[in-house]
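A short write-up of the structure that comes next.
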Amino acid sequence: CTATGVVLGTPSGTDNCDAPLDIVYTRDPSENNFDAGVTNVYWTARDSRGFVVYHTQKVTVVDDISPIITCPTETYYREFNNSQVSYYTIVGTEFKPAVSDKCNVTSYTNDKNNSGNLNGVHLSIGDHEIAWTATDISSNTDNCTMNVTIVDSFDPILDCPSNLYEHTASDACSYTNS
């Protein structure tokens, strides 16, 4: 997060004995690249007799560009695959979109567990929105919401009663359960 090629300007000064061209100016730091935040540049003007004047110039670099979350536009579909439970367990960085920033991202969290990953989070059958928020060192933010649908992957279990064999009375054409 650096501003490069910053033009600080050229100091000018006067002296009661020397011409302006006889004044020597120096500065520290001497490069023209500055990190985000405030940097003091210390100017020194020295005349031909060795008299010195100091001046401090503040250079402020502001990061006003938000991080960028690359959020998918399609819905993710997952099947829960354990017949003992009725939810899907997120593994690793699944459903974590990529984020980038010119400076440093200081916080990247989701709304399901307020952390930087979803590993171990359970999603029940149905539709889910997962909101992600990225914040950089200058408090710029970006948000995105991704959609996940969890479906049941198991056939229903049907427990049928045993087959029945009933006999009718010899003089009846049908059977009535009493």
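A few comments on the model shown:
- Neighbour net charge for Ser100 - beta-carbon separation under 13 angstrom, K R +1, D E -1: -2
- Between Val38 and Glu94, the FRET efficiency estimated from the beta carbon spacing at R0 = 30 angstrom works out to 0.15.
- Normalised contact order of segment 102-178, rounded percent, pairs of Cα under 8 Å and 6 or more residues apart: 24
- Under a Gaussian network description of the chain, with springs only between Cα atoms under 10 Å, the residue in Cys71, Cys144, Cys160 that fluctuates furthest is Cys160.
- Along the axis of the charge dipole computed for the chain (Cβ charges of +1 for Lys and Arg, -1 for Asp and Glu, origin at the Cα centre), the listed residues Ile130, Ala36, Asn114 are led at the positive end by Ala36.
- The share of accessible area on segment 99-165 that comes from carbon and sulfur is 45 percent, using a 1.4 angstrom probe.
- Rounded to the nearest 0.05, the FRET efficiency derived from the C-beta distance between Thr26 and Phe51 at R0 = 22 Å is 0.95.
- Positive contributions from Lys and Arg (+1) and negative ones from Asp and Glu (-1), summed over other residues with Cβ under 15 Å from the Cβ of Met146, come out at -3.
- In the list [x] 23.5; [y] 20.5; [z] 22.6, the label attached to Kirkwood radius over Cα pairs in Å as derived from the coordinates here is [x].
- Mean Cα-pair separation over length for segment 29-140, i.e. relative contact order, pairs under 8 Å, 6 or more apart, %: 24
- Computed from backbone phi with θ = phi - 60° and the Karplus coefficients 6.51, -1.76 and 1.60, the 3J(HN,Hα) list for segment 123-136 is 10, 6, 4, x, 8, 9, 9, 10, 9, 10, 10, 10, 10, 9 Hz; x is used for glycine and proline.
- Remark on the chain: Cys17, Cys160, Cys173 stand apart, with no other cysteine beta carbon under 4.7 Å.
- Close amide H pairs (under 5 Å, H built 1.01 Å from N) link Phe80 with Val151, Ser153, residues at least 5 positions away or on another chain.
- If you sort Thr75, Thr70 by accessible surface, 1.4 Å probe, largest first, the order is Thr70, Thr75.
- Peptide ranges 8-17, 25-34 listed from the most packed, as the mean C-beta count within 10 angstrom indicates: 25-34, 8-17
- ³J(HN,Hα) computed for each position of segment 140-149 - Karplus, 6.51 cos²θ - 1.76 cosθ + 1.60, integer Hz, glycine/proline x: 6, 10, 9, 10, 8, 10, 10, 10, 10, 10
- Under 15 Å of direct C-alpha separation, and excluding same-chain neighbours fewer than eight residues apart, Lys102 reaches these aspartates and glutamates: Asp35, Asp63, Asp64, Asp136, Asp142.
- What the chain shows is 70 Å² of accessible area per residue, with the surface traced by a 1.4 Å probe over protein heavy atoms.
- Placing dummy labels 7 Å off each Cα toward the beta-carbon, the span from Thr149 to Thr2 is 4.9 nm.
- Efficiency of FRET between Val85 and Asn163 - r from beta-carbon atoms, R0 35 angstrom, step 0.05: 0.60
The values are calculated or read from the model by the stated rules, or taken from the named source; none is laboratory data. Not measured: the values here are computed from a predicted model. Note: ideal-geometry Cβ built from the backbone for every residue, glycine included; neighbour counts use all protein chains shown. In case anyone asks, the SASA skips ligands and DNA or RNA and just uses the protein heavy atoms, side chains included. Shrake-Rupley method; radii C 1.70, N 1.55, O 1.52, S 1.80 Å.
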